[in-house]
Amino acid sequence: MAAERRTRILIVDDSAVMRSLLRSVIVAEPGLEVAGTAGDGASALSSVGLLRPDLILLDVEMPVMDGLVTLRELRRRGHKMPVIMCSSVTQRGAKVTLEALASGASDYVAKPAGQANREAAIKALGKDLGPKILALTHHLQPQQTSIFAPPAAHGMAQNQPLLPSAARPPVFLPGGAPIKAQPISTQPTVVVIGVSTGGPAALELVLPKLPANFPLPVLIVQHMPELFTKLFAERLDSRCPLRVREAAEGDAAVAGTISIARGNWHMELQAPARPGPPPTLHLTQAPPENHCRPAVDVLFRSAAAVYGQGVLAVVLTGMGSDGMLGCRTIREHGGAVLAQDQASSTVWGMPGAVTNAGLAHKVVPLREIASEILRLAQRTHNEARELRESVV
């Protein structure tokens with residue numbers, strides 16, 4: 001009987017200590033193996049063709065060739081395997097990591113810091129890194145028990161090029177029934193977006209396509225640490241016609257502004273005390289939901305409570321199922337739900353959970369998400385304009 005294939009991982013880090021920690025995490029998981037190690041990006045590039053890794057763990061800061069340059073060269077050469085960046089918990093590390101995520105990295109992990117001993121560092125690193133490796137290589141793994149997390153929690157990793165509309169296969173539910181688009185009859189008054197793994201690159205494709213006169217407020221939960229979210233909002237603000245900000249307590253949810261939930265804080269919407277003023281944002285450190293803070297479900301539930309059938313929810317690429325229960329609440333209130341399709345998702349966990357639960361009105365490729373949002377929002381804008389003109 002042939003041995004089961006293991007997922008091969010290349011470790012690239014200039015620190016021997018970090019390479020050792022990463023190796024320990026990998027060899028503890030039955031379905032993974034270390035394909036090789038490299039101390040800098042140039043060495044990694046020269047060995048990729050020979051080692052043929054399924055996934056690369058890539059340090060951000062290295063001599064000779066750093067992680068960002070290495071990543072861009074990997075993609076330029078046509079290598080499509082997932083890459084997880086290993087970042088130091090510093091502002092510089094966060095900034096470079098965001099650049100890497102926008103340049104084709106699949107995800108990132110923070111290097112362990114402050115642990116009492118080696119065993120504690122391995123445990124902390126494995127808790128964060130293990131599920132991400134399994135999510136990004138799920139399609140290579142046989143169904144087996146993992147020490148990191150149940151396979152069902154990971155979703156399905158896909159790293160396929162986006163097919164043109166005519167060539168895309170239909171989307172099917174697990175039982176084999178094709179998923180049909182459902183009509184959206186409501187007029188959205190707010191857009192709420194939930195996203196995780198693969199999110200920075202996805203949002204950098206979607207958000208710049210929303211024009212400066214976009215008529216609805218946009219609220220986003222991206223699973224990301226507190227150090228990252230402000231930098232991410234600043235990065236998007238420099239690339240988008242709309243204003244992009246990290247959410248702050250009491251901010252008004254108004255058209256022309258995209259608000260990104262602050263890392264380690266849930267973001268909720270609160271209705272005004274009297275008619276007239278717009279809803280406001282409330283930040284809370286209530287317990288995590290779905291192991292996340294901020295959690296998509298928290299935002300989605302509060303949006304349904306405040307805006308009712310006016311909610312347009314968009315669930316993009318991400319690991320796990322955060323947002324699925326919130327979408328159920330939105331549907332119960334008459335709102336609309338879009339989900340990213342599997343082929344264009346880095347990990348089809350979050351949008352897959354929404355789709356498989358039958359909650360998505362439409363399953364849309366990433367490149368068509370912005371146009372679909374604009375189509376629905378424009379309908380609202382046109383109706384409001386017609387109402388104003390009729391009054392005049």
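The values are calculated or read from the model by the stated rules, or taken from the named source; none is laboratory data. The structure presented is a predicted model; accordingly, all values stated were derived computationally and were not measured. All Cβ positions, glycine included, derive from the backbone under ideal geometry; neighbour counts span all protein chains shown. Ligands, DNA and RNA are stripped out before the accessible areas are found, and what is left, the full protein with its side chains, is counted by its heavy atoms. Shrake-Rupley method; radii C 1.70, N 1.55, O 1.52, S 1.80 Å.
Here 221, 192 are screened, and the one residue that is crowded, with 23+ Cβ neighbours inside 10 Å, part of a strand (DSSP E or B) and out of contact with any Phe, Trp or Tyr (no Cβ under 8 Å at 6 or more places or on another chain) is 221.
Matching residues to (1) closer than 27 Å to residue 318 by Cβ; (2) out of contact with any helix residue (DSSP H, G or I) (no Cβ under 6 Å at 6 or more places or on another chain); (3) modelled with pLDDT of 95 or more:
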| position | (1), (2), (3) |
| --- | --- |
| 53 | yes, yes, yes |
| 56 | yes, yes, yes |
| 71 | yes, no, yes |
| 82 | yes, no, yes |
| 91 | yes, yes, no |
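Scanning segment 1-41 for residues that are in a loop (DSSP other than H, G, I, E, B) and basic (Lys, Arg) yields 5, 6.
Taking residue 379 as the residue in question, decide whether it is at pLDDT 95 or above, part of a helix (DSSP H, G or I) and open to solvent by 30 Å² or more (accessible area, probe 1.4 Å). So residue 379 fails the test. Does residue 59 satisfy the condition of being under 20 Å from residue 111 (Cα atoms) and within 26 Å of the chain's Cα centre (by Cα)? Yes: the conditions hold for residue 59.
Residues in segment 15-25 that are buried (at least 18 other Cβ atoms within 10 Å of the Cβ) and without any contact (Cβ under 8 Å) to a residue 60 or more places away in the chain: 19 alone. The condition of being closer than 16 Å to residue 371 by Cα, open to solvent by less than 10 Å² (accessible area, probe 1.4 Å) and not basic (Lys, Arg) does not hold for residue 212. Applying the criterion of being farther than 16 Å from residue 199 by Cβ and in contact (Cβ under 8 Å) with a residue 24 or more places away in the chain to the residues of segment 228-246, the residue that is surrounded by the most Cβ atoms within 10 Å (Cβ to Cβ) is 242. Among the residues of segment 250-285, which ones are under 14 Å from residue 221 (Cβ atoms) and without any contact (Cβ under 8 Å) to a residue 40 or more places away in the chain? 262, 263, 264, 265, 266, 268, 282, 283, 284 - these are the residues of segment 250-285 that are under 14 Å from residue 221 (Cβ atoms) and without any contact (Cβ under 8 Å) to a residue 40 or more places away in the chain.
Just name the residue that is most open to solvent (accessible area, probe 1.4 Å) out of those in segment 42-53 that are in contact with a strand residue (DSSP E or B) (Cβ under 9 Å, 6 or more places away or on another chain) and part of a helix (DSSP H, G or I). Working first, answer last.
Narrowing segment 42-53 to residues in contact with a strand residue (DSSP E or B) (Cβ under 9 Å, 6 or more places away or on another chain): 43-48, 50-53.
Applying the additional criterion that residues be part of a helix (DSSP H, G or I) yields 43-48, 50-51.
Working: 43: 50, 44: 5, 45: 16, 46: 94, 47: 25, 48: 5, 50: 147, 51: 40 Å².
Filtering segment 42-53 for residues that are in contact with a strand residue (DSSP E or B) (Cβ under 9 Å, 6 or more places away or on another chain) and part of a helix (DSSP H, G or I), the one most open to solvent (accessible area, probe 1.4 Å) comes out as 50.
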